[in-house]
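We did not get these values from a lab; they are worked out from the coordinates using the rules stated. Keep in mind that this is a model prediction, so the values were computed, not measured. Note that each Cβ is placed from the backbone with ideal geometry, even for glycine, and that neighbours are counted across all protein chains shown.
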Amino acid sequence: MLPYGRQTIDDADIAAVVEVLRSPLLTCGPLVARFEQALAAKLGAKHASVCSSGTAALHLVYAALDLGAGDEIITTPVTFSATAAAAYYVGAKVRFADVDPSSGNIDPASVASLIGPKTKAIVAVHLGGMPVDLEALHDLADRHGIPLVEDACHALGATYHGTPIGGGRSIATVFSFHPVKHITTGEGGAIVTPSATLKRRIDRLRQHGVERDPSHMQQPPAGSWAYEVQELGWNYRLSDLSCALGLAQLAKLDPFVARRRELAALYRTALAGFTGVTAPAESNDRESAYHLFAVAIDFAHFNTTRARVTEQLAASGIGTQVHYIPLYEHPLHKQRCGDVGPHPGADHYYARTLSLPLFPAMTDADVGEVVAQLHRVLGDSK
Ligand SMILES: *Cc1c(COP(=O)(O)O)cnc(C)c1O
């Protein structure tokens, strides 16, 4: 079975983890700061904090921005549940903007229409690895004095106007190291930020709200053992085992992304002239990191349904996924957000999207096979 995504692990990754297993510190050791520094350097970011998942990273950012009851974030409904659910963790509400019907990325004009006195953050998701219109969103955020957060869980290695995603001026950019993402630590996540203050707060919240630096304590320390629990935090640490894997994987980010882009170009060529199947658009001012290769299929044109197509592809060994069921369709988000009004862009995008297999270890022949099977499945059902 060709899955829609899969990690690539080599001997160097395995050796790096084994080395930590033989060392005295499995967690809270030297590799945490090393991975953070390497990640920040790679992205051209000032600071990085790693944590236990992309979801934890979102939660830490929302908490560190002091979001709470009575506050709202504006985000896209075409995302993984965690982008919104992490706002519920801190008691905040979510408003869903609409998206561009062809890219599925958040529509700045729709964001503008939702901004109000309760808006405390705009959270953009680079869907499938294609950067959103950051310039328009920064303009909006600046005009209203609202922080812009990037959920870049799909976009490690993407660029916007030549700058790596994460290396720009957004207050925080969040990544995930789940095995299906660009690089993996098993489970893991990270936040990069230009703000030393935000980094400090995030690091404290990641570790139970504990402060160990005497210059930041409220009481003079009674001895070298002293620390203060200054606020309610969590255990969202990432272990040295995970950081060792992360460092070894980060060294291969460029070839991983290059291979994803190469495979995407092969798909694009193979799909050219296939009426009713549209490859994701490219843009000359930004480069997708191709976490996904999501095509838009006019299922009605082929007189079939997505359910039948995914079933027939699976029967011939090809795994697909749908990214995403709009969040306002889920019971949790319905219950939290109530009637959210129409989202024609998101509905249109969702009706047609299908993510085809894409991961660095795929062969050129795999791409040909996927497209051949897609032709067969869509042609047969006419
Ligand atoms: C993967 C992902 C997350 C959550 O990351 P985890 O590491 O799985 O917790 C959040 N947002 C988006 C868009 C994602 O793809």
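Summary table below
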{"item": "Per residue, the convex hull volume that the Cα atoms of the range 76-180 enclose (Å³)", "result": "102"}
{"item": "Anisotropy class of the range 62-129 from Cα gyration tensor, a/c 1.5 cut", "result": "oblate"}
{"item": "Coil-residue chymotrypsin sites (Phe, Trp or Tyr not before Pro) of the range 189-239, DSSP, other Cβ within 10 Å capped at 12", "result": "TRP225"}
{"item": "Residues listed by number, the range 164-205, amide nitrogen under 19 Å from VAL18 label point at 7 Å toward C-beta", "result": "186"}
{"item": "Length added when fully stretched, SER102-THR363, from 0.36 nm per residue minus Cα-Cα", "result": "91.2 nm"}
{"item": "Degrees, to the nearest 10: 306-315 long Cα axis against longest axis of the chain", "result": "90"}
{"item": "q = 0.10, 0.16, 0.20 Å⁻¹, the range 1-134: log10 I(q)/I(0) [Debye, one scatterer per Cα]", "result": "-0.48, -1.00, -1.22"}
{"item": "Cα-based convex hull, the chain, per residue volume (Å³, whole number)", "result": "140"}
{"item": "Relative packing of 316-329, 176-189, which averages over residues the other C-beta atoms within 10 Å, highest first", "result": "176-189, 316-329"}
{"item": "Cα long-axis angle, helix 364-380 against the chain (0 to 90 degrees, to the nearest 10)", "result": "50"}
{"item": "For the range 253-381, alpha-carbon Rg over 2.2 N^0.38 Å", "result": "1.15"}
{"item": "Entries of LYS42/LYS93; LYS46/LYS120; LYS120/LYS252; LYS93/LYS199; LYS120/LYS334; LYS181/LYS334 with Cα pairs more than 26 Å apart", "result": "LYS42/LYS93; LYS120/LYS252; LYS181/LYS334"}
{"item": "Local electrostatic count at GLY168 - Lys and Arg +1, Asp and Glu -1, tallied over other residues with Cβ under 12 Å", "result": "+1"}
{"item": "Rounded tilt (10° steps) of 54-64 against the dominant C-alpha axis of the chain", "result": "50"}
{"item": "Within the chain, helix-based [θ] at 222 nm, where runs of 4 or more DSSP H residues each add -39,500 (n - 2.57), nearest 500", "result": "-11500 deg cm²/dmol"}
{"item": "Cα pair distances exceeding 19 angstrom across the range 324-382, given as percent", "result": "55"}
{"item": "The range 101-123-the range 234-280 distance, computed between alpha-carbon centres (Å)", "result": "27"}
{"item": "Ordering of 43-55, 16-28 by burial proxy (mean other Cβ atoms within 10 Å per residue, highest first)", "result": "43-55, 16-28"}
